[in-house]
Each structure stands twice: as structure tokens, then as C-alpha cells.
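Worksheet: one structure, shown below.
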Amino acid sequence: MWDTSPIEGVTVETWSIFLNALIDGLAVQVMMRDDFDVDAFYQQLEKILETLYRLGK
């Protein structure tokens, strides 16, 4: 995804762990909450990840 982190002082490894935890947390939310709007979350997550990708270029 990135050669270097988009934020100075935050390693790519830290980003990897953070994003993995974020996705795992989403899976827990989906399983535990009937009222969790999965579609809206994925749309917003896509915006976040696209923005981070552009910042890292």
C-alpha cells in the first residue's frame, strides 16, 4: 500500500496493526449489534482509506 507512512513518526508496521484491529473491530460490531449500519460504515471507511492512500503517495 505505502512505501512510507503518511504520518512522520508512525511506522508502516503500526499502520498495519491499527488497520487490522479496525477491521477486526468491525467484525465484532456486525456480530453484536443488529442496528449497526454496515453499508454506511464501509462507505466511510473507504473514504478514510482512500484519503490515507493519497496522503502516502
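Per-structure values
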item: Protein accessible area in the chain, 1.4 Å probe - carbon and sulfur %; result: 57
item: Size of charge dipole - the chain - debye, nearest 20, with Cβ of Lys, Arg +1 and Asp, Glu -1, no other charges; result: 180
item: Accessible surface, per residue, of the chain when the full set of protein chains is kept, probe 1.4 Å, Å²; result: 83
item: Furthest towards positive pole of dipole, Tyr42, Leu22, Leu55, structure part the chain, Cβ charges; result: Leu55
item: Matching label, Rg/Rh (Cα atoms, Kirkwood Rh) computed from the structure shown, candidates (1) 1.14; (2) 0.99; (3) 1.05; result: (3)
item: 222 nm mean residue ellipticity, helices alone, for the chain (DSSP H n ≥ 4; -39,500 (n - 2.57); rounded to 500); result: -24000 deg cm²/dmol
item: Amide N of region 21-36 lying under 18 Å from the label point, which is placed 7 angstrom from the Cα of Tyr53 along Cα→Cβ; result: 22-23
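The values are calculated or read from the model by the stated rules, or taken from the named source; none is laboratory data. Source: prediction; values computed, not measured. Counting neighbours? That spans all protein chains shown, and the Cβs are built from the backbone with ideal geometry, glycine included. Please note that ligands, DNA and RNA were not included when accessible areas were found on the heavy atoms of the full protein model with its side chains. Shrake-Rupley method; radii C 1.70, N 1.55, O 1.52, S 1.80 Å.
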